[in-house]
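Structure first, then comments.
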Amino acid sequence: SVWIFGVIALSYIPLWIYPMQRRFLETAMYVPLAIAASFGTKEIYRYLKEKNIKFLRLKFIYFFSIFAIPVMVGGNIQTWQLWTSFIKSVDDTRFYLPEENREAMEWLRQNTPDDSIVLASFNNSNVIPYFAERTVYVGHNPMTIRVNEKYSEMENFYSEKYSSSEMFEFLKKENINYVFYSNEEQKLGNLNPKQYSFLKEVYQNKTVKIYKFNE
């Protein structure tokens, strides 16, 4: 109980470093839940033993030894193999964020209003809330409403499938304030933000530019 309530408290206490609230709430719960599950399993077995329900007790043991444990171990091995191959890809921005991207996100945190909404590629959008403390249009799947639709709209924007007027209306309708443009976004298409009068460049480093949407 102390662990669970402590995690909830940490999730809402302002920190003076990069915000970790979501990670506290999302991952720190696993430990107490695992402990609670082990006690629950023990109590189920004890109950069956007290009631002398030998058949059910044996089924319970067989389930965990023959089915549950191999499935859990196999799933962990498969996940480990999958993510190991990803981590080896040093150009994968999900694991190796370019320094220029981080600097641009720092600029967003220091020079834009707290309620700003940023449009960026899916991978960049997953780390902008952490480094920049700003809302993104489309990001982490479970935390984005209409994620598939928004992902398509984001790709359509960067690949210039929208006309100039459609791009303007899209940014206005979704209340997007800033457009993040790095090598990651360039991979999505041939967008040239400079040619649009409603996008004003407000930041630039070696590989990243940030544009402000002016209605």
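Extension gain for the segment residue 187 to residue 30, taken as residue separation times 0.36 nm less the Cα-Cα distance, is 52.9 nm to one decimal.
Measuring with a 1.4 Å probe in the full set of protein chains, what accessible area per residue, in whole Å², belongs to region 68-202?
57
Between the beta carbons of residue 96 and residue 37, assuming R0 = 25 Å, the FRET efficiency works out to 0.10 to the nearest 0.05.
Close amide H contacts of residue 136 (hydrogens built in the peptide plane, cut-off under 5 Å, sequence separation of 5 or more or a different chain): 118. Scalar couplings 3J(HN,Hα) for region 200-215, obtained by applying the Karplus form with A = 6.51, B = -1.76, C = 1.60 to θ = phi - 60°, are 10, 5, 10, 8, 7, 10, 4, 10, 10, 10, 10, 10, 9, 7, 10, 6 Hz; x denotes Gly and Pro.
The Cα atoms of region 93-134 give a gyration tensor whose axes a ≥ b ≥ c have a/c of 1.5 or more with a/b no greater than b/c, which makes the shape oblate. Modelled spin labels at residue 195 and residue 215, positioned 7 Å past Cα toward Cβ, are 2.7 nm from each other. A Förster radius of 45 Å combined with the Cβ-Cβ distance from residue 45 to residue 173 puts the calculated FRET efficiency at roughly 0.20. Evaluating 6.51 cos²θ - 1.76 cosθ + 1.60 at θ = phi - 60° for every residue in region 110-126, the Karplus couplings come out as 8, 10, 10, x, 4, 8, 5, 10, 10, 9, 7, 4, 4, 5, 5, 5, 7 Hz, glycine and proline recorded as x.
The values are calculated or read from the model by the stated rules, or taken from the named source; none is laboratory data. Since the model is a prediction, treat every value here as computed from it, not as a measurement. Positions of Cβ are generated from backbone atoms using ideal geometry, with glycine treated the same way; all protein chains shown enter the neighbour counts. Note: accessible area is taken over every heavy atom of the protein model, side chains too, but ligands, DNA and RNA are not part of it. Shrake-Rupley method; radii C 1.70, N 1.55, O 1.52, S 1.80 Å.
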